[in-house]
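Notes follow the structure.
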Amino acid sequence: MVEEFIAKAKERISPFPCEGFVAGNGPVSAKILIVGEAPGKTEMKTGEPFTGSSGRFLDDCFAIAGLTREDMFITSVVRSRPYKENGQRDRQGNLPNRPPSKGEIIAHAPLLDMHVQLIQPEMIITLGNVALRRLTGMTKNISALHGQLLHVPLSMYDENSGHFKMGKKSYTLLPMYHPAAALHNPALKEQIQLDWKQVKSLRERKSDAK
Ligand code: URA
């Protein structure tokens, strides 16, 4: 079934200026689902999510939370790399990354929705505005919500109407800054690390309660 959704996602993204496809990584039995924005140039080479410079910082954050990649299913709102068609090519001839467009987000929405339903995560951690807005339907900025535990229904794409609709079930969702934010704005690094420390205490509290 997953394969069918992947095939469909590849077909749906094909009219857009995007390249490659990075499948989600991790066990479907994972309790935590991590959702980023879209893969970048490094991920096109490695085929794995978050393996570039922001991925290295994200691994540090996972360590702060006492997590390893095997504990989580890691993916992105869009699993192909959106590139700037009129941008300047780098030395390897690659056009620059850009955030995914609405059409691209919709193209890969059924795949992400399917993974949420399949995994039934105890906690969803969104990285950055794109993932937060895609999954909650909110328009708020991550700077207002980072590190705040939410219990919310999810916004899911409805193929029949061509619109996002709120699902019935509520999920525990923790909005986090995208790790790339710390690379662009080093002043945020400490805050991001503090937010991830919270994941550790949340997990400890949960296992004490068991
Ligand atoms: N940024 C993302 O959001 N996802 C990746 O896989 C890599 C960078």
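For the stretch 59-184, list log₁₀ I(q)/I(0) at each q in 0.11 Å⁻¹, using the Debye formula over Cα point scatterers of equal strength and ignoring solvent, two decimals each.
-0.43
Return the FRET efficiency for the residue pair GLU159, ARG98: r is the Cβ-Cβ distance, R0 is 22 Å, and the value is rounded to the nearest 0.05. Could the numbers behind the result be given before it?
On the way: r = 26 Å, r/R0 = 1.18.
With a Förster radius of 22 Å, E is 0.25.
Looking at the stretch 26-129, which GluC sites (Glu not before Pro) are in a loop (DSSP not H, G, I, E or B) and have at most 10 other Cβ atoms within 10 Å? Provide the component values of the computation, followed by the final result.
Values: sites: GLU37, GLU43, GLU70, GLU85, GLU104, GLU122; in loops: GLU37, GLU85, GLU122.
Taking the stretch 26-129 and a limit of 10 other Cβ atoms within 10 Å, the loop GluC sites (Glu not before Pro) found are GLU85.
With only alpha-carbon pairs counted, each pair once and no self-pairs, how large is the Kirkwood hydrodynamic radius of the stretch 118-178 in angstroms?
11.8
With helices defined as uninterrupted DSSP H runs, which ones in the chain have an alpha carbon span along their own long axis of at least 24 Å and mean Kyte-Doolittle hydropathy of at least 0.5?
Helices meeting the criterion: none.
What number, rounded to the nearest 500 deg cm²/dmol, is the helix-based mean residue ellipticity at 222 nm of the chain, given -39500 (n - 2.57) per DSSP H run of at least four residues and division by all its residues?
Using -39500 (n - 2.57) per qualifying helix, the result is -12000 deg cm²/dmol.
For the pair GLN193 and LYS45, what calculated FRET efficiency results from E = 1/(1 + (r/R0)^6), where r is the Cβ-Cβ distance and R0 = 25 Å, to the nearest 0.05?
0.35
Can you give the Kirkwood hydrodynamic radius for the chain, in Å, rounded to one decimal and based on Cα pairs?
It works out to 17.4 Å.
When the gyration tensor of the stretch 5-50 is built from Cα positions, what are the square roots of 5 times its three eigenvalues, in whole Å, from largest to smallest? Don't skip to the answer; put the middle values down first.
Details: eigenvalues 82, 41, 16 Å².
Semi-axes (√(5λ), whole Å): 20, 14, 9.
Mind checking the full-extension length gain between ALA63 and VAL152? Use 0.36 nm per residue of separation minus the Cα-Cα distance, one decimal, nm.
29.4 nm
Antiparallel versus total DSSP beta bridges in the stretch 54-210: what percent is that, nearest 5? Kindly include the intermediate steps, with their values, before the conclusion.
On the way: 9 of 13 bridges.
So the antiparallel bridges in the stretch 54-210 amount to around 70 percent.
Between beta-carbons, use under 9 Å as the cut-off and find the net charge around ASN97, counting Lys and Arg +1, Asp and Glu -1.
Every neighbour counted, the sum reads +4.
For LYS210, list the lysines whose Cα falls under 28 Å from its own Cα; do not include residues on the same chain fewer than 8 positions away.
LYS31, LYS168, LYS169, LYS197, LYS200
Dividing the alpha-carbon Rg of the stretch 134-210 by 2.2 N^0.38 Å yields what?
1.34
For the stretch 1-95, what log10 I(q)/I(0) values come out of the Debye formula at q = 0.11, 0.22 1/Å, with one point per alpha carbon and no solvent?
Summing over Cα pairs of the stretch 1-95 leads to -0.36, -1.17.
Any read-out appearing in this document is the output of simple, stated calculations on the displayed coordinates, not a laboratory observation. Given the structure is predicted, the values throughout are model-derived calculations rather than measurements. For neighbour counting, all protein chains shown are included, and Cβ atoms are generated from backbone atoms with ideal geometry for every residue, glycine included.
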